[in-house]
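The values are calculated or read from the model by the stated rules, or taken from the named source; none is laboratory data. Everything quoted here is computed from the prediction, not taken from an experiment. As a convention, Cβ positions derive from the backbone with ideal geometry for all residues, glycine included, and neighbour counts pool all protein chains shown.
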Amino acid sequence: MSAVNDTKSNSAELLLTRIPGMEDIHLWISIPFYLMYVISIVGNSVILFIIKTDPSLQEPMYIFLSMLAVTDLGLSVTTMPMILGIFLFKSREISLNACFAQLFFINSLSYIESSVLLLMAFDRFVAICNPLRYVSILTLPKIVKMGLVCVLRAVALIFPLPFLLKRFQYCRANVLSHSYCVNREVMKLACSDITVNSIYVLSIALLTVGLDSLLICLSYVMILRRVLSITSHMESLRALNTCVARLCAVFLFYTPMLGLPVIHRFGNSSSHSLQIFLGYVYLLVPPLMNPIVYSVKSKHLHVKIIRVFFK
């Protein structure tokens with residue numbers, strides 16, 4: 001490694017990367033990115049506004065939806081302005097402390113969203129499998145406590161991560177291969193032993209995403225068993241229809257999130273472009289599509305949104 005890089009041990013700045021091989025069309029790529037960012041901000045904000053101002057929507061399923069919207073907004077605001085700055089103004093520099101802060105928010109919000117998707121699966125499980133106790137189980141105080149537990153769990157598990165990264169000496173090339181800070185990419189720049197960090201990251205991923213996804217699958221399996229036992233065909237279809245939007249949200253969130261480490265671990269050098277693509281899908285698609293999916297599948301919410309825009 002060059003002497004220049006060696007003198008930048010714990011350098012104050014890192015360099016983020018745009019899409020390799022597409023330098024000539026980066027400006028054009030930024031246009032759909034910007035439109036998707038604006039639509040996700042507007043869509044989630046409208047859903048939050050409608051749920052807050054309409055007393056008829058103060059139900060558990062809509063409260064959980066508002067939690068999802070807040071998380072999607074946070075994830076978009078944390079990453080997309082910086083990504084757009086890279087594509088539009090070539091502002092690639094980011095300080096180590098800012099990178100660590102972005103890592104903290106990206107991981108915390110991701111784990112919170114995973115927990116919210118679990119709560120939404122639990123909401124459907126209670127509504128379909130134990131409808132007579134739905135109101136007594138999912139009271140507002142209990143929902144607030146569950147939401148706080150999700151936030152505290154994510155923050156407590158991710159809080160040590162920036163400090164574990166900060167203790168490293170960064171004496172290698174200070175260029176990241178993504179447009180935002182990714183934990184494994186930052187660790188690659190360290191010239192210290194990263195075993196502890198790797199074990200810690202894997203452990204918290206299993207305790208959050210791994211456990212949540214397992215419980216979500218179990219919830220929907222039990223829901224499916226319950227629906228199949230319903231004799232009325234119309235009632236079973238109605239019950240399944242209430243789960244479609246949540247299953248779409250689960251698919252949109254977990255597919256790129258679980259696909260990234262798999263490709264990174266087992267893929268070859270030719271899969272780097274796919275890693276970058278999945279990284280953008282992970283940041284852009286769930287915040288964009290979740291408001292659209294729920295607005296389409298929830299007739300009540302769909303009507304309220306139309307009234308807001310055409311009032």
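Scan the range 226-258 for residues that are outside any helix (DSSP H, G or I) and either exposed (fewer than 15 other Cβ atoms within 10 Å of the Cβ) or touching a residue at least 12 places away in the same chain (Cβ under 8 Å) (or both) and jot them down. Scanning the range 226-258 gives S229, T231, S232. Based on this model, can you work out whether V144 counts as assigned to a helix (DSSP H, G or I), within 24 Å of P261 (Cα to Cα) and aliphatic (A, V, I, L, M)? No, not satisfied.
Yes/no per residue for (1) within 15 Å of the chain's Cα centre (by Cα); (2) more than 18 Å from V155 (Cβ to Cβ); (3) aliphatic (A, V, I, L, M):
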site	(1), (2), (3)
K90	no, yes, no
S110	yes, no, no
E113	yes, no, no
V116	yes, no, yes
D123	no, yes, no
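When the range 68-78 is limited to residues that are surrounded by fewer than 23 Cβ atoms within 10 Å (Cβ to Cβ) and among the aliphatic types (A, V, I, L, M), the one that is nearest to P141 (Cα to Cα) turns out to be V70. Here the condition is being closer than 16 Å to I106 by Cβ and modelled with pLDDT of 80 or more; of P287, P261, it holds for P287 alone. Residues that are of a type in the set (V, I, T) and outside any helix (DSSP H, G or I) within the range 186-225 comprise just one, I194.
Rundown of residues vs (1) exposed (fewer than 11 other Cβ atoms within 10 Å of the Cβ); (2) assigned to a helix (DSSP H, G or I); (3) modelled with pLDDT of 80 or more; (4) out of contact with any Ser or Thr (no Cβ under 7 Å at 6 or more places or on another chain), yes/no style:
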| residue | (1), (2), (3), (4) |
| --- | --- |
| S11 | no, no, no, yes |
| T17 | no, no, yes, no |
| H26 | no, yes, no, yes |
| G43 | no, yes, yes, yes |
| F49 | no, yes, yes, yes |
| S56 | yes, yes, yes, yes |
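Quick one: is L109 crowded, with 19+ Cβ neighbours inside 10 Å, among the aliphatic types (A, V, I, L, M), within 25 Å of R184 (Cβ to Cβ) and in contact (Cβ under 8 Å) with a residue 60 or more places away in the chain? The answer is no for L109. Here S219 clears all of (1) modelled with pLDDT of 80 or more; (2) over 21 Å from the mean Cα position of the chain (by Cα); (3) surrounded by 13 or more Cβ atoms within 10 Å (Cβ to Cβ) except the condition numbered (2). Got at least one residue in the range 63-74 being assigned to a helix (DSSP H, G or I), at pLDDT 90 or above and among the acidic types (D, E)? Yes, because at least one residue in the range 63-74 is assigned to a helix (DSSP H, G or I), at pLDDT 90 or above and among the acidic types (D, E). All conditions in (1) touching a helix residue (DSSP H, G or I) at 6+ places or on another chain (Cβ under 7 Å); (2) at pLDDT below 90 hold for C99, with the sole exception of (2).
Here is a yes/no grid of residues against (1) under 25 Å from S273 (Cβ atoms); (2) surrounded by 18 or more Cβ atoms within 10 Å (Cβ to Cβ):
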| position | (1), (2) |
| --- | --- |
| G147 | no, yes |
| F159 | no, no |
| C181 | yes, yes |
| K188 | yes, no |
| C191 | no, no |
| T195 | no, no |
| G210 | no, no |
| S213 | no, yes |
